[in-house]
Amino acid sequence: MSAATDSRRAAFDARYGAGAIPPDGPWNEVIAALLDHRSVRAYRPDPLPDGTLETLVAAAQSAATSSNMQTWSVVSVTDPARKARLARIANDQRHIEQCPLFLVWLADLSRLARLAEGEGTALAALPFLETFLVAAIDASLAAQNATVAAESLGLSTVYIGALRNDVRAVAAELGLPPGCMAVFGLCVGTADQAMPRVKPRLPQTAVLHREQYDDADSAARAAYDEALHAWGRDNERAPYTWTQRVLARYGTTGALHGRDRLREALAELGFPLR
Ligand SMILES: Cc1cc2nc3c(=O)[nH]c(=O)nc-3n(C[C@H](O)[C@H](O)[C@H](O)COP(=O)(O)O)c2cc1C
């Protein structure tokens with residue numbers, strides 16, 4: 001068997017469990033890097049090499065963007081005091097303070113609004129949910145490109161959705177104009193921990209539907225509960241099944257940590273979501 005087949009099999013086994021996916025199929029270094037992704041939550045303080053930020057942003061700007069409108073921006077934060085204040089908003093997640101670079105990814109319609117103002121007009125299509133969704137998608141695709149680029153450089157990352165616990169406070173901290181909202185943060189840095197084992201994902205039968213959607217995923221869930229619990233035994237203080245995780249994460253509105261009131265906050269930040 002070739003080295004590529006061995007590497008492919010090892011990566012699929014890590015992601016889905018031994019023998020879950022047939023080992024034949026295309027393979028290269030880019031796909032190997034994608035399958036090797038894992039979030040890291042402990043960082044060394046070492047600053048990133050010169051030019052890293054600009055390289056990550058170039059990767060981000062190279063992502064596809066709806067109609068080339070480029071309705072996203074990113075704020076790079078390195079000031080320890082500012083990172084500490086952002087960490088407080090995000091349930092005191094320590095890795096935000098530890099990482100040398102914290103990127104806040106923004107759905108940003110303000111640039112287009114300024115363009116229109118400069119042209120002496122207004123953009124009637126900006127206040128709609130659709131346009132906000134476009135901006136949030138643009139920001140997400142850009143951020144994921146930066147994440148893949150960072151990982152290809154041997155750096156580690158973790159997304160921080162908990163910034164949305166208080167999007168008004170984030171906007172005030174970062175001086176965001178109306179029409180600009182922090183979709184999530186991203187810690188970037190050098191891992192200060194043994195790399196966690198790749199976190200297993202749902203079997204492909206749960207997410208891959210051929211021709212039409214089917215919801216026959218209960219067997220997949222049972223297998224995944226077991227796999228995630230086993231992963232947790234090696235990597236977390238309190239292992240959990242996926243079923244337990246879903247029930248805890250979405251079983252109560254309290255678990256949303258204030259994000260259940262996002263619509264009002266967004267309206268205040270200049271997104272009426274018509
Ligand atoms: C949009 C988004 C927001 C996230 N927010 C957080 C967060 O606030 N804190 C955190 O520790 N992990 C966060 N994560 C990381 C996920 O928990 C992680 O990706 C998931 O558990 C899968 O693990 P893996 O990335 O190691 O494969 C977030 C991930 C995404 C995509």
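The values are calculated or read from the model by the stated rules, or taken from the named source; none is laboratory data. Source: prediction; values computed, not measured. Note that we place each Cβ from the backbone using ideal geometry, even for glycine, and neighbour counts take in every protein chain shown.
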Could you go through the stretch 70-83 and let me know if any residue there is buried (at least 16 other Cβ atoms within 10 Å of the Cβ) and on the phi > 0 side of the Ramachandran plot.
yes
When restricted to 143, 84, the only residue small (Gly, Ala, Ser) and out of contact with any Phe, Trp or Tyr (no Cβ under 6 Å at 6 or more places or on another chain) is 84
Just wondering, is there one or more residues in the stretch 220-241 that are near the ligand (Cβ under 10 Å from one of its atoms) and modelled with pLDDT of 90 or more?
yes
Right, residue 97: buried (at least 18 other Cβ atoms within 10 Å of the Cβ) and either closer than 26 Å to residue 166 by Cα or out of contact with any helix residue (DSSP H, G or I) (no Cβ under 8 Å at 6 or more places or on another chain) (or both) or not?
yes
Take the residues in the stretch 192-218 that are touching a residue at least 12 places away in the same chain (Cβ under 8 Å) and not in a loop (DSSP other than H, G, I, E, B), then tell me which one is farthest from residue 41 (Cα to Cα).
205
What are the residue pairs meeting all of these: first residue in the stretch 132-159, first residue within 19 Å of residue 113 (Cβ to Cβ), second residue within 13 Å of the ligand (Cβ to nearest atom), Cβ atoms under 6 Å, and 6 or more apart or on different chains?
135/107; 136/107; 136/183; 139/105; 139/107; 139/183
Here are some conditions: (1) out of contact with any Cys (no Cβ under 9 Å at 6 or more places or on another chain); (2) loosely packed, with under 13 Cβ neighbours inside 10 Å. Residue 45 meets all but one. Which one does it not meet?
(1)
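A quick yes/no check of all residues on (1) away from the ligand (no atom under 15 Å from the Cβ); (2) out of contact with any helix residue (DSSP H, G or I) (no Cβ under 9 Å at 6 or more places or on another chain):
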site	(1), (2)
180	yes, no
188	no, no
197	no, no
204	yes, no
213	yes, yes
May I ask you to list the residues in the stretch 153-178 that are closer than 12 Å to residue 41 by Cα and either within 9 Å of the ligand (Cβ to nearest atom) or in contact with a helix residue (DSSP H, G or I) (Cβ under 7 Å, 6 or more places away or on another chain) (or both)?
157, 158, 159, 160
Select from the stretch 133-152 the residues that are hydroxyl-bearing (Ser, Thr, Tyr) and surrounded by fewer than 19 Cβ atoms within 10 Å (Cβ to Cβ) and write down the one among them that is farthest from the ligand (Cβ to nearest atom).
152
Scope the stretch 113-161; condition among the β-branched types (Val, Ile, Thr) and in a loop (DSSP other than H, G, I, E, B); matching residues:
121
